[in-house]
1. Report whether or not ALA233 is buried (at least 22 other Cβ atoms within 10 Å of the Cβ) and either without any contact (Cβ under 8 Å) to a residue 12 or more places away in the chain or assigned to a helix (DSSP H, G or I) (or both).
2. Taking region 111-148, which residues are in a helix (DSSP H, G or I), farther than 16 Å from ALA163 by Cβ and of a type in the set (S, T, N, Q)?
3. Looking only at residues that are touching a Ser or Thr at 6+ places or on another chain (Cβ under 9 Å) and in a helix (DSSP H, G or I) in region 236-258, which one is farthest from HIS85 (Cα to Cα)?
4. Say whether the condition of being crowded, with 20+ Cβ neighbours inside 10 Å and either in contact with a Ser or Thr (Cβ under 8 Å, 6 or more places away or on another chain) or under 14 Å from LEU19 (Cα atoms) (or both) is met by at least one residue in region 271-282.
5. As an exercise: evaluate ALA281 against (1) outside any loop (DSSP other than H, G, I, E, B); (2) of a type outside the set (Ser, Thr, Tyr); (3) in contact with a strand residue (DSSP E or B) (Cβ under 9 Å, 6 or more places away or on another chain) and give the number of the one condition it does not meet.
6. Taking interchain pairs and intrachain pairs at least six residues apart, which have beta carbon atoms under 7 angstrom, with the first residue in region 183-208 and touching a residue at least 60 places away in the same chain (Cβ under 8 Å) and the second among the β-branched types (Val, Ile, Thr) and surrounded by fewer than 18 Cβ atoms within 10 Å (Cβ to Cβ)?
7. Hey, any hits in region 103-110 for a residue that's over 18 Å from ALA241 (Cα atoms), assigned to a helix (DSSP H, G or I) and in contact with a Phe, Trp or Tyr (Cβ under 7 Å, 6 or more places away or on another chain)?
8. Taking region 203-226 as the search range and keeping residues that are within 13 Å of LEU284 (Cβ to Cβ) and either touching a Pro at 6+ places or on another chain (Cβ under 6 Å) or of a type in the set (D, E, K, R) (or both), which one is surrounded by the fewest Cβ atoms within 10 Å (Cβ to Cβ)?
Amino acid sequence: MPARLQPLTVAEPIERAALIPEFTDYGGLRAQHVGLTGARGVLGGILKERLDRHGINTAAFPGDIKDSAALAHWFADRQFRYFFHFAALVPVTAVESDPLLAYQTNVVGTFNVCQRLLESQKNCWLFHSSSSHVYQPTADGSLIAENAPTNPPTFYGATKLAAERVVETLMAKLKAPYCIGRVFSFTHSRQAPPYLVPSLLQKIAALGDGEVLEIENPSAVRDIQDAEQVIDAILHLTLRAAVGTVNIGTGAGRSVRDIAEALARNSGKNIAVQGNDRAPAGALIADTRRLKALLSRTAQA
């Protein structure tokens with residue numbers, strides 16, 4: 001299926017995708033106990049703040065998911081209806097600098113969470129936050145469906161795919177409900193370099209009017225959205241108690257050059273953008289048909 005390239009506006013460089021409505025039905029969660037890992041990260045932090053703000057009984061694991069005993073002790077005193085696993089070692093550069101720690105955190109840590117949840121949390125639905133990095137970027141910009149071959153080009157992607165297989169194997173074997181969300185690119189004001197948008201903003205802030213912004217791999221294409229919208233999608237999937245693997249993206253591609261140019265225009269400076277592709281241009285754009293179907297069923301429920 002050919003990809004749709006989404007133009008970026010000056011006023012709002014990262015627009016909201018129409019297919020993911022704002023989540024407002026917190027009443028459906030208010031009688032439930034909710035737990036999560038990764039509350040210090042962007043996605044986990046947004047979710048925790050949203051649930052707290054709306055009076056949802058929420059607990060965030062405060063420790064290290066590599067510590068299986070600490071997880072067991074923490075789970076033992078609680079009974080959750082929904083559990084969200086966000087904790088992981090990111091970004092790609094951090095993973096590459098310490099692959100042993102990355103594997104222990106992203107894969108063994110996920111095993112620890114699943115093990116302790118399965119031991120103590122009867123009928124608890126698990127949302128596991130994975131990544132589009134499990135896919136091989138396409139050369140032609142075609143949309144990537146959940147059943148597309150997985151061939152991670154980075155070690156980060158390899159650890160996230162291995163973690164997915166831990167979740168699938170354990171949860172399916174013990175007949176426990178779970179959903180794996182393959183989250184495509186996102187940005188948020190809480191992010192810092194080396195993530196794409198904050199890195200570009202940092203470079204733009206250091207440039208004067210009329211100067212040139214140098215970027216790497218400008219032809220690479222990403223399916224990027226605001227992190228708040230990712231959480232909206234996850235909460236909709238939660239009320240639906242969706243099962244299986246689902247892409248969480250917009251279905252629209254934007255080149256790194258387009259993103260950089262939109263951010264430069266938004267700064268009010270006259271900044272030219274230039275750069276060279278140091279690797280073959282690839283695209284990671286979500287096929288969102290399954291997400292759309294699940295959100296439609298949520299709206300009708």
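1. Numbers: buried (at least 22 other Cβ atoms within 10 Å of the Cβ): yes; either without any contact (Cβ under 8 Å) to a residue 12 or more places away in the chain or assigned to a helix (DSSP H, G or I) (or both): yes.
So ALA233 fits the description; yes.
2. Within region 111-148, the subset in a helix (DSSP H, G or I) is 111-120, 132-134.
If we keep only those that are farther than 16 Å from ALA163 by Cβ as well, we get 119-120.
Matches in region 111-148: SER120 only.
3. Among those that are touching a Ser or Thr at 6+ places or on another chain (Cβ under 9 Å) and in a helix (DSSP H, G or I), it is ARG257.
4. Narrowing region 271-282 to residues crowded, with 20+ Cβ neighbours inside 10 Å: 271, 273.
Subsequent filtering for residues that are either in contact with a Ser or Thr (Cβ under 8 Å, 6 or more places away or on another chain) or under 14 Å from LEU19 (Cα atoms) (or both) retains none.
No - not one qualifying residue is present in region 271-282.
5. Evaluating ALA281 over (1) outside any loop (DSSP other than H, G, I, E, B); (2) of a type outside the set (Ser, Thr, Tyr); (3) in contact with a strand residue (DSSP E or B) (Cβ under 9 Å, 6 or more places away or on another chain) leaves (1) as the failure.
6. Final answer for the pair search is PRO194/THR93.
7. Of all residues in region 103-110, those over 18 Å from ALA241 (Cα atoms) come to 103-110.
Next cut, assigned to a helix (DSSP H, G or I) only: 103-110.
Pick out the ones that are also in contact with a Phe, Trp or Tyr (Cβ under 7 Å, 6 or more places away or on another chain) and you get none.
No - not one qualifying residue is present in region 103-110.
8. ARG222
The values are calculated or read from the model by the stated rules, or taken from the named source; none is laboratory data. Remember, it's a predicted structure, so these values are computed and weren't measured experimentally. So basically every Cβ, Gly included, is an ideal-geometry build from the backbone, and we count neighbours across all protein chains shown.
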